[in-house]
Structures are given as structure tokens and as C-alpha cells.
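Everything below concerns the one structure shown next.
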Amino acid sequence: METQTDTQFDERLRMAKEIWEVERQSMLNQIHQLRCSTGRHELSSEIAQTEAALIQVQGSIEAMAGNPNTVISKLVQATARELELQAYLKGLRFTATVQNK
């Protein structure tokens with residue numbers, strides 16, 4: 001047989017649990033938003049760094065291509081690096097597009 005005290009305790013416990021769940025959900029939402037905003041900043045930074053590296057590699061390829069003393073293997077390596085950076089940049093931009101949706 002439940003007493004009035006037990007009923008009041010159960011009601012307070014239920015209300016405290018509901019409040020806790022609302023606060024918990026709010027904090028989880030805040031954590032998610034912070035992670036997304038940090039991720040976007042890091043992604044933008046990575047895109048900028050990759051673009052700069054790509055420009056640098058393209059410049060060195062142009063310099064090597066114009067130099068008759070360039071070893072062909074160095075030119076091939078630089079071209080391969082350029083293709084890798086282009087593919088990586090394409091993936092970064094795709095990820096940025098997906099995150100913005």
C-alpha cells in the first residue's frame with residue numbers, strides 16, 4: 001500500500017527525471033553544434049592549405065618543364081603529387097558541401 005509520501009516522492013522523482021532528460025538533450029545538441037562548427041573551420045583551413053600546396057606544386061612543375069636539365073623522374077613525381085592533391089581537394093570540397101546541407 002502506497003502512502004502519500006511514497007506517491008509524492010515518486011512524482012518528484014519523475015519530474016526530476018524529465019528535467020534531467022531535457023537538460024541532457026540540450027547539452028547533446030550544443031555538443032553537436034560545437035563539433036560541427038569546429039569541423040567546418042578545420043575543413044576550411046585544410047582546403048586552404050591544400051590549395052596553397054597545389055599552387056606550389058604546379059609552379060614547380062612549370063619550372064621543371066621549362067628547364068632542359070630536369071630529370072624526368074622528378075617531373076613525373078611532381079605530376080603525381082599534383083594529381084593526388086587535386087583528388088584530395090575534390091574530396092574536401094565534397095565533404096564541405098555535404099556538411100553545409
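Nothing in this text is a laboratory measurement; each read-out follows from the coordinates by a stated rule. Since we're looking at a predicted model, the values are computed, not measured. Every residue, glycine among them, receives a Cβ derived from its backbone with ideal geometry; neighbour counts consider all protein chains shown.
Key figures for this structure:
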read-out: Between helix 4-65 and the chain: long-axis angle, C-alpha atoms, 0 to 90°, nearest 10; value: 0 degrees
read-out: Square roots of five times the Cα gyration tensor eigenvalues for the chain, Å; value: 62, 10, 8
read-out: Net lengthening on full extension, Gln4/Ser73 (0.36 nm per residue, minus Cα-Cα); value: 16.1 nm
read-out: Ranked by how many other beta carbons lie within 10 Å on average, peptides 52-65, 15-28 from highest; value: 52-65, 15-28
read-out: Spin-label model distance (nm) - Val98 vs Leu43, 7 Å beyond Cα toward Cβ; value: 0.9 nm
